[in-house]
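The values are calculated or read from the model by the stated rules, or taken from the named source; none is laboratory data. Given the structure is predicted, the values throughout are model-derived calculations rather than measurements. Quick reminder, even Gly has a Cβ in these numbers, built from the backbone with ideal geometry, and neighbours come from all protein chains shown.
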Amino acid sequence: MPRPARFILDTHLGRLAAYLRMLGFDCAYGNHADDEELAERAAVEGRVLLTRDRGLLRRSAVRLGCLLRSDDPQHQLEEVVARFDLRSQAAPFTRCIRCNGRIEPVDRGVVADRLQPKTLRYFDTFGRCESCAAVYWQGSHYERMRRIVERVLAGAKSPP
Ligand SMILES: [Zn+2]
């Protein structure tokens, strides 16, 4: 099992992929991979296959897999964090939620022309995805995510 753990997610687990990326984990996810592609890529790249489909885990190529019980993305995140002991491996807000690329610090001057004047007025620190160039800063969206990250890494459960 590689550390930090790397994952590949079944289709329909897009929210979970975003949450795991938010914690810094390398997550392959696309919403139109078929079962065979998923199983093969998991094996070739040493990724844990996350799914709600028992049949998919029975495929012979799958060596590392995890069947998720919940259909709620936050509960799924709690399951995966507990099952693979992810608390000590997390690196929150270092990975792009949209494309899985690395987020690197970027000078505000470099991204200023892509941001609203209000954003530039209130925030000083920016990050940019080195793959898709999405720009990140610690706005209201970040605050919501930070609360989820803190709760999950503290081992607290979200309400059922
Ligand atoms: Zn990106």
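Is there a residue in the stretch 115-124 that is in a loop (DSSP other than H, G, I, E, B), out of contact with any Leu (no Cβ under 9 Å at 6 or more places or on another chain), hydrophobic (A, V, I, L, M, F, W, C) and farther than 28 Å from VAL80 by Cα? Even if it seems obvious, please write down each step before you answer.
Of the residues in the stretch 115-124, the ones in a loop (DSSP other than H, G, I, E, B) are 115-116, 123-124.
Then drop every residue that is not out of contact with any Leu (no Cβ under 9 Å at 6 or more places or on another chain), which leaves 115-116, 124.
Going one step further and asking which of them are hydrophobic (A, V, I, L, M, F, W, C), we end up with 115.
Restricting the remaining residues to those that are farther than 28 Å from VAL80 by Cα gives 115.
Scanning the stretch 115-124, I find at least one residue that is in a loop (DSSP other than H, G, I, E, B), out of contact with any Leu (no Cβ under 9 Å at 6 or more places or on another chain), hydrophobic (A, V, I, L, M, F, W, C) and farther than 28 Å from VAL80 by Cα, so the answer is yes.
Among the numbered criteria (1) free of Cβ contacts under 8 Å to residues at least 24 places away in the same chain; (2) exposed (fewer than 14 other Cβ atoms within 10 Å of the Cβ), which single criterion is violated by GLU79?
Tallying (1) free of Cβ contacts under 8 Å to residues at least 24 places away in the same chain; (2) exposed (fewer than 14 other Cβ atoms within 10 Å of the Cβ), GLU79 fails exactly one: (2).
Report yes if GLU40 is modelled with pLDDT under 95, over 22 Å from ARG3 (Cβ atoms) and not small (Gly, Ala, Ser), otherwise no.
Yes.
In this structure, is LEU56 closer than 20 Å to ILE148 by Cα and surrounded by 14 or more Cβ atoms within 10 Å (Cβ to Cβ)?
Spelling it out, it is not the case that LEU56 is closer than 20 Å to ILE148 by Cα and surrounded by 14 or more Cβ atoms within 10 Å (Cβ to Cβ).
Quick grid of which residues meet (1) exposed (fewer than 11 other Cβ atoms within 10 Å of the Cβ); (2) over 15 Å from LEU20 (Cα atoms):
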| position | (1), (2) |
| --- | --- |
| ALA90 | no, no |
| ILE103 | no, no |
| ARG114 | no, yes |
| LYS118 | yes, yes |
| ARG128 | no, yes |
| ARG146 | no, no |
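Of all residues in the stretch 125-141, how many are in a loop (DSSP other than H, G, I, E, B) and more than 16 Å from the ligand (Cβ to nearest atom)?
Here the count works out to 3.
Give, as residue ranges, the strands (runs of 3 or more DSSP E) completely inside the stretch 1-60 that count at least 1 residues that are free of Cβ contacts under 8 Å to residues at least 60 places away in the same chain and either out of contact with any Leu (no Cβ under 8 Å at 6 or more places or on another chain) or not aromatic (Phe, Trp, Tyr) (or both).
Counting at least 1 such residues, we get 7-9, 48-51.
Report, by residue number, each residue of the stretch 75-107 that is within 16 Å of the ligand (Cβ to nearest atom) and acidic (Asp, Glu).
GLU104
Take the conditions surrounded by fewer than 17 Cβ atoms within 10 Å (Cβ to Cβ), within 25 Å of HIS141 (Cα to Cα), under 14 Å from the mean Cα position of the chain (by Cα) and not assigned by TED's automatic domain parsing to the domain that holds CYS129 and apply them to GLY24. Does it pass?
Numbers: surrounded by fewer than 17 Cβ atoms within 10 Å (Cβ to Cβ): no; within 25 Å of HIS141 (Cα to Cα): yes; under 14 Å from the mean Cα position of the chain (by Cα): yes; not assigned by TED's automatic domain parsing to the domain that holds CYS129: yes.
For GLY24, the condition - surrounded by fewer than 17 Cβ atoms within 10 Å (Cβ to Cβ), within 25 Å of HIS141 (Cα to Cα), under 14 Å from the mean Cα position of the chain (by Cα) and not assigned by TED's automatic domain parsing to the domain that holds CYS129 - is not met.
Within the set of pairs 6 or more residues apart or between chains, which connect a residue that is at positive phi inside the stretch 113-142 to a residue that is within 16 Å of the ligand (Cβ to nearest atom) and among the small types (Gly, Ala, Ser) with Cβ atoms less than 9 Å apart?
Within 9 Å, the pairs are ALA133/GLY101.
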